[in-house]
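Accompanying notes for the structure given below.
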Protein chains: 2
Amino acid sequence: MKVALLQLNPVVGDVSGNIKKIVEAVKKAAKDGAQLCVTPELSVCGYPPRDLLLREDFIDGCQNSLKELAAQLKDLPPTLVGVPIHNPDSVGKPVFNAAALLADGVYSIVAHKTLLPTYDVFDENRYFEQGKLRGLVTINGRKVGVTICEDIWNDKSYWKKRRHYTQDPLAGLVEDGAEMIINLSASPFTLGKQFVREEMLSFMVRHYEFPFLYVNQIGGNDDLIFAGKSLAYAADGTLIGKGKSFEEDVLLVDIEEKTGRVEQDDASDEAQAWNALVLGTRDYVRKCGFKKVVLGLSGGVDSALTAAVAAEALGSENVIGVLMPSPYSSQGSIDDSLDLAKRLGIHTETIEIEPMLSAFLGSLNPVFDGVDTDVTEENLQARIRGNLLMAMSNKFGALLLTTGNKSELAVGYCTIYGDMAGGLAVIADVPKTLVWNVCRWVNKNYGEKIPVEIIEKAPSAELRPDQKDSDSLPEYEELDAILRKYIDERLSKEAIISQGHAREDVERVLWLLKISEFKRRQAAPGLRITDRAFGTGWRMPVASRVTLP
Amino acid sequence: MKVALLQLNPVVGDVSGNIKKIVEAVKKAAKDGAQLCVTPELSVCGYPPRDLLLREDFIDGCQNSLKELAAQLKDLPPTLVGVPIHNPDSVGKPVFNAAALLADGVYSIVAHKTLLPTYDVFDENRYFEQGKLRGLVTINGRKVGVTICEDIWNDKSYWKKRRHYTQDPLAGLVEDGAEMIINLSASPFTLGKQFVREEMLSFMVRHYEFPFLYVNQIGGNDDLIFAGKSLAYAADGTLIGKGKSFEEDVLLVDIEEKTGRVEQDDASDEAQAWNALVLGTRDYVRKCGFKKVVLGLSGGVDSALTAAVAAEALGSENVIGVLMPSPYSSQGSIDDSLDLAKRLGIHTETIEIEPMLSAFLGSLNPVFDGVDTDVTEENLQARIRGNLLMAMSNKFGALLLTTGNKSELAVGYCTIYGDMAGGLAVIADVPKTLVWNVCRWVNKNYGEKIPVEIIEKAPSAELRPDQKDSDSLPEYEELDAILRKYIDERLSKEAIISQGHAREDVERVLWLLKISEFKRRQAAPGLRITDRAFGTGWRMPVASRVTLP
C-alpha cells in the first residue's frame, strides 16, 4: 500500500485555509499514486487551538468543514484528518479529539484520542473527554489501528515509569487485530526529543512487528514549534520514510515495497535550535499578520543572534535594527552593531537616548531629591529604549522582537517594559551558553555573519560605567548548570550543592529565580526549544514564599 | 459534636507559616470546647500551589510537616488538614490532593480528592492522580465522610448537565454508610457563586438528611480570591453556621444542639466586588512583600476606584497617587484627581510629561519624518507615564497598581507597557458598567469618597484633543452586554446579533477582542471576580485567525 504522509503547517483556527491546504496536498499525493493520505493531529483547526475549543460555534465549524472537505476529496484517495468533534453524551467533557476518514465523498469518525496530555504546555483534559472509540478501520483490505499523538506514548515494555496514564491504547488495538498502526501527531519540538521518538517507535515496531506511520505537524504556533520529521517503518523495522525537518512535506512510502524517502539533517543542538528559531520566528510573525520586525541592537551576543534569526526567517529587507546608545555605551558596542547589520544586510536607525534620559531625570528630580541613585536609573534607560522600539513598531507596523536569553529571564537580569518589551521573545528558551554556541555554529555554516568580537567579549548590560554581568551573577557556565539542575532535572537545592556547586551561588540563583516570577508572568511568548521552558508550561505562583519545616 | 471550622488565610508555599497558623487556630477552638477542627483544602501549603506541586522536594516538605504538626497538636482536638502527598504507585500522576487526620500526636491520610477540576483557572489533572482512598473515618464514634472541594460538586440529582466528571464520590460515601459529610474546600469567589453553593449544599442536606460541614479558604492568592463564608448544616437542613466574609474566622458549631453563628453580609454585586477587591489587593501586595503602592491618577473613574480600593486595603498612608498631565489633559481631570486624593487622604505627586514627550518626538523626528501622526504618539504618552510610575515603584519600593477595567482589556483600549504596566491589575475583571456602580455604592456606604464629577463625566483617555471613548467604541452598556454574551455566555456572533445588537457593533467588538490577545498575554495578574476572567483561566492562541467554512 502506498501511503502519503502529509506534513502540513496549519494556522490555528483558520479552518477554511487549513482544509484548502489539505486538499492541495492530497491532490499532489494522488498524482504520485498514493492510496491513502494521512494528516497530522487536529489538522483541520491546527494544534494547539487552546480555548477556541471551549466554543460550541468553533466545534460546529470544524465538524461542518468535514462535509465540505469530503466533497472536495470525492475522487481522491481516502484521507485521515484530525478534527475536534462534539461529544454527544451529556456527561463528561463536551469535545473529543478525533480522527476522521474521508472517502468516496463522505466522512466517518474512526478514532478518539485516549491519552490526553495534561502536563507542561499541554492542557488536553481541560477540553477533551477521554476517547471511547478505538480506532480500528479497514483500509484497502488491511486492518489499520488509528491513534492520535499521545496514544502511542505509554507502552508498558518501553517506559520504566508511566507517570501520566494507566492505559495503553496501542496494546488494545493490537489485541483487536490491528495489522498496522497510523499515528496522527502534533508533537512539539524540543532538543533531543526526536532521538527518543525514533528510539521508541523503532522499539515498538520491533516488538509488535507491524508497519508504523507517524505523521507530525510542522510550523510554529505561538511558543510551540513543530519540526515535522514524520516517520514510516516497514513491518520488519526498516525505516522507509522520514519527512523534512522544519518544512512542509508530502512523503510517499510503499509499505510492502519498503520504498520511500529518508531525509537527513544536522542533529546537533546548535543546528536544531537555529532551525527551530528561524521557523518559529517566521511563523509567529506571519501568522500574526506582520511582514517586518524591529529590534534593538546592543552590541551583545543576544541581540546579534536574534537579528540573525530574523534576517534568515523574514529576509534582511524586513528587519530593522535600532541602536540606542547611552552615555554608558562603549564605542565598541556601536561599531559591533553596525558591523553586524552590514553582515546581515539589515537596515539600522540610531537614536541617542540621552535627551529622553535627561528629561526623565530632570522631571523626577524633585520627587527623588535626596534619595540615592540605584537600579531605578538603569531601568529608566531600558524603558526609554522599550518605548522607542514600540514607537517604531507602531509607526512602521513592524513586530518588536525581544532579545533576552533564558539564563537572564530565569534570574530576572532584564527590565520589565524595557528590554522585555516586544511581541515575541525569540531566544527566551536558549540558555546563554547555548546562545554562544549557536552563534559559532552560524558563523561556521553561513560565513561569518556575527562579528567574532560580539561572541568573544565579556557580557555587559552597559547600564552603568564598566558594568559586567559577572559583577552580579555567577559565570554563565556555572549559572546555566545550576539552572538546568533545578529547573530541568528538578533537583533540590541540597542535591545541587552536593554536586559541587557553591552554596552561596546556588542560594543566590534560586532566590533570583523566585523573585523574578512577576517579570516572567508578563513576558512575551518565547519560542520553546527545551523540555522545561518559561511560558505556557511554567505556572508558578507569584505572591508566595516557600518555607519547608 | 462540637466542630470548629477554621477558615484560614494561608500564604502559598509557606508551609512553616501555615502550620503555625493552623496550630494557633486549633488552640483557640480547643478553648471554646471544640471536639474536632477542620481546615480548608491544602491548608498546609495554601491553594493553589500550582507548579510547586511538580517538585518532589516540595511534596516531601509538605508531607514531613504533618509529623511536626501532629506533635504540636498532641493534646488538642483531632484536626483535619489538607495536604499534597506522594502517590506511592509508580503508574499515574505522582501526587494526591489529600486530607490528613491529626490525632493523639500522629497523623493518618484519610481521603484523596477524586474529582480534579481541570477547567477555567483550575489545572488539577496536571498535578494530581485521581483519588483512590474513599474518605470514611470514625470520629467521636460517628462515621464521617471526608471530601475535598470539587468532590461534592457532581451530584446527579442536583445538576442537569455534568460536564466534567462521570463519578459522584458523595453518593459513594453515602453507600458506605457516612453519617455526616465534611468538605475541605478552597473554592474561589466569583459574583453569584455563593448563591449556587448554598442552594446546592442545602439541596444535598435535604436529600441525604445528614449534617454537612463546608470549610472554605479565605484570602487572595495571585488572581484568585477566596471569600470564606464556610457553612454548617444540621441533619434536618437547618443552617447552623456561616463564617465571616473575606475574613479569617474560627466558627464553632454544635451539630446536635444545632447551635453556631450565622454571619450576614451585603450580597449585592457591588458590595461583594468591593470587598473582594480590597482583600485581593491587600493580600497580593503583602504576600509579595510590599507595604506601599503607587498608581497613576488620570481623573477618570477607573483610577479613582483603584485608589479607593488601595486606600481601604492598605491604609491611605501607604498609597501614592501620581498625576501626570499632558498638554491634552483637562484642568478638570487634574482638579478631580486632587479632590479624590484629598478625600481618600493619599499623598500625590505631579509630574508633567511634556518634557519627556518633547524629547521623544524630537529624537524620533528624523526617523518618522514625513509619516503621519497616528496612535504611535498616543502610546508614547502612555508609556512615558508607565516609565515614570515604574521609576517611582523602583525608587520607593511601592508596588505599581494598574487601573484598567475589563471592558478596556477586552477590546484593547489600553497601552501595553503604558497604562498596562504594573504588578497587579486591581479592576481588570470589573466591567466598566460595574465600575460605575461600585463607585456609587462606595459613596453611599463610606461617605462621598469619590467625587461625583469623576463618576458622571464622559470617559476619555485624553491622549489627543477632545477625545472620548465613545468615538471609537460603542457605549459601555452596549459594549459590556456584547462582551458578556460572547465571553460569559459563549454565544456565537450570529446569536448575539439575533438578540438585537447591531451587526456592525458586534463585529467590531469581536474583532477588537481578537486582535488584543497579545496585550492580554502580557497583562499583570488581575483579581478575578467573574466566572470568565482574562488571566490564568483565559488561554487563547495569539498567532491565529478564525475562519469557519
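The values are calculated or read from the model by the stated rules, or taken from the named source; none is laboratory data. No experiment lies behind these values; they were computed from the predicted model shown. Glycine also receives a Cβ, built like all others from the backbone with ideal geometry; neighbour counts cover every protein chain displayed. These area figures cover heavy atoms from the full protein model, side chains too; ligands, DNA and RNA do not enter into them. Shrake-Rupley method; radii C 1.70, N 1.55, O 1.52, S 1.80 Å.
Given only helices, namely DSSP H runs of n ≥ 4 each adding -39500 (n - 2.57), what is the per-residue ellipticity at 222 nm of chain B, to the nearest 500 deg cm²/dmol? Please report the intermediate quantities before stating the final value.
Details: 18 runs with 207 residues, N = 549.
Computed ellipticity for chain B at 222 nm equals -11500 deg cm²/dmol.
At each listed q (0.12, 0.21 Å⁻¹), what is the log10 of I(q)/I(0) that the Debye formula gives for segment A:1-60 modelled as equal alpha-carbon point scatterers? Those come out to -0.32, -0.77, one per q.
In the protein assembly as shown, what percentage of the DSSP-assigned beta bridges are antiparallel, given to the nearest 5? Walk me through the intermediate numbers first.
Working: 72 of 140 bridges.
Of all bridge pairs located within the protein assembly as shown, approximately 50 percent are antiparallel.
Could you tell me whether segment A:360-423 comes out rounded, prolate or oblate from its Cα gyration tensor? Rule is a ≥ b ≥ c as square roots of the eigenvalues, rounded for a/c under 1.5, then prolate if a/b exceeds b/c, otherwise oblate. Since a/c reaches 1.5 but b/c is at least a/b, the shape of segment A:360-423 is classed as oblate.
Each principal axis of the Cα atoms in chain A has its own extent, and those three values, largest first, are 83, 57, 47 angstrom.
Would you mind giving the mean number of other chain beta-carbons within 10 Å of the Cβ of each residue in B:515-522, as a whole number? Please list the in-between numbers first.
On the way: counts 2, 0, 2, 6, 1, 0, 7, 11.
Partner Cβ neighbours, averaged per residue: 4.
Round to the nearest 10 and give me the degree value, 0 to 90, for the angle of helix B:269-287's Cα axis relative to the longest principal axis of chain B. Roughly 90 degrees, rounded to the nearest 10. Using alpha carbons only, how many degrees (0 to 90, rounded to 10) separate the axis of helix B:503-515 from the longest principal axis of chain B? Here the helix axis deviates by roughly 80 degrees.
Keeping every protein chain present and rolling a 1.4 Å probe, give me the accessible area per residue for the protein assembly as shown in Å².
Heavy-atom accessible area per residue stands at 35 Å².
Counting only Cβ charges, +1 for Lys and Arg and -1 for Asp and Glu, the dipole size of segment A:330-372 around its Cα centre is about 200 debye. In terms of Cα atoms, the Rg and Dmax of segment B:271-404 work out to 16.4, 53 Å. Listed cross-link partners A:Lys161/B:Lys67; A:Lys156/A:Lys193; A:Lys493/B:Lys74; A:Lys2/A:Lys28; B:Lys244/B:Lys291 are compared with a 21 Å cut-off, the Cα-Cα value being larger for A:Lys161/B:Lys67; A:Lys493/B:Lys74; B:Lys244/B:Lys291.
Cross-link partners of B:Lys31 among aspartates and glutamates, defined as those whose alpha carbon lies under 14 angstrom from its own and excluding same-chain residues fewer than eight positions apart: B:Asp75. With N the number of residues in segment B:121-273, Rg(Cα) / (2.2 N^0.38 Å) evaluates to 1.04. Coupling constants for segment A:439-456 follow from the phi torsions by the Karplus curve (6.51 cos²θ - 1.76 cosθ + 1.60, θ = phi - 60°), and in residue order they are 4, 5, 5, 4, 4, 6, 9, 10, x, 6, 6, 10, x, 4, 4, 5, 6, 8 Hz; glycine and proline get x. Under the classification rounded if a/c is under 1.5, otherwise prolate if a/b is larger than b/c and oblate if not, where does segment B:197-263 fall, given a ≥ b ≥ c as square roots of the Cα gyration tensor eigenvalues? Since a/c reaches 1.5 but b/c is at least a/b, the shape of segment B:197-263 is classed as oblate.
Mind pulling the angle between the C-alpha long axis of helix A:354-368 and the longest principal axis of chain A? Nearest 10 degrees, somewhere in 0 to 90. In chain A, helix A:354-368 runs at an angle near 70 degrees to the longest axis.
Remark: mean inter-chain Cβ contacts per residue of B:212-221 equal 1, using a 10 Å Cβ-Cβ cutoff to other protein chain atoms.
Between copies, A:Pro366 shows label-point distances of 3.3 nm, shortest first, with the point placed 7 angstrom from Cα along Cα to C-beta. Let me check against my output: what whole-number percent is the relative contact order of chain A, with C-alpha pairs under 8 Å and at least 6 apart? That works out to 11 percent.
Other residues within the sphere of radius under 9 Å centred on the Cβ of B:Asn9, judged by their own Cβ, net out at -2 (K and R +1, D and E -1). Averaging 1/r over every pair of different alpha carbons in segment B:266-345 and inverting the result gives a Kirkwood radius of 13.3 Å.
Scattering from the protein assembly as shown was approximated by placing one identical point on each alpha carbon and applying the Debye formula without solvent; log10 I(q)/I(0) at 0.08, 0.09 1/Å stands at -0.89, -1.14.
Note on segment A:372-421 and segment A:1-66: Cα centroid distance 39 Å, given to the nearest whole angstrom. What percentages make up the Cα-Cα pair-distance distribution of segment A:47-194 when the bins are 5 Å wide from 0? Percent of pairs per bin, in order: 2, 9, 18, 21, 21, 16, 10, 4, 1, 0.
How much net charge surrounds B:Arg343 when only the other residues with a Cβ under 13 Å from the Cβ of B:Arg343 are counted, with Lys and Arg +1 and Asp and Glu -1?
Working: positive: B:Lys342, B:Lys449; negative: B:Glu312, B:Asp335, B:Asp336, B:Asp339, B:Glu448, B:Glu453.
Surrounding charge for B:Arg343 is -4.
Cross-link partners of B:Lys457 among lysines, defined as those whose alpha carbon lies under 20 angstrom from its own and excluding same-chain residues fewer than eight positions apart: B:Lys342, B:Lys406, B:Lys432, B:Lys444, B:Lys449, B:Lys468.
I need the shape label for segment B:399-480. Rule: rounded when a/c is under 1.5, else prolate if a/b > b/c, else oblate, with a, b, c from the alpha carbon gyration tensor. Before the final figure, lay out the partial values.
Numbers: a/c = 1.59, a/b = 1.19, b/c = 1.33.
Oblate, since a/c reaches 1.5 and b/c is not below a/b.
A point 7 Å from Cα along Cα→Cβ stands in for B:Ala267, and the other copies hold the same point at 6.6 nm, listed in rising order. Summary for B:Asp236: label point 7 Å along Cα→Cβ; distances to the equivalent points in the other copies, ascending, 8.4 nm.
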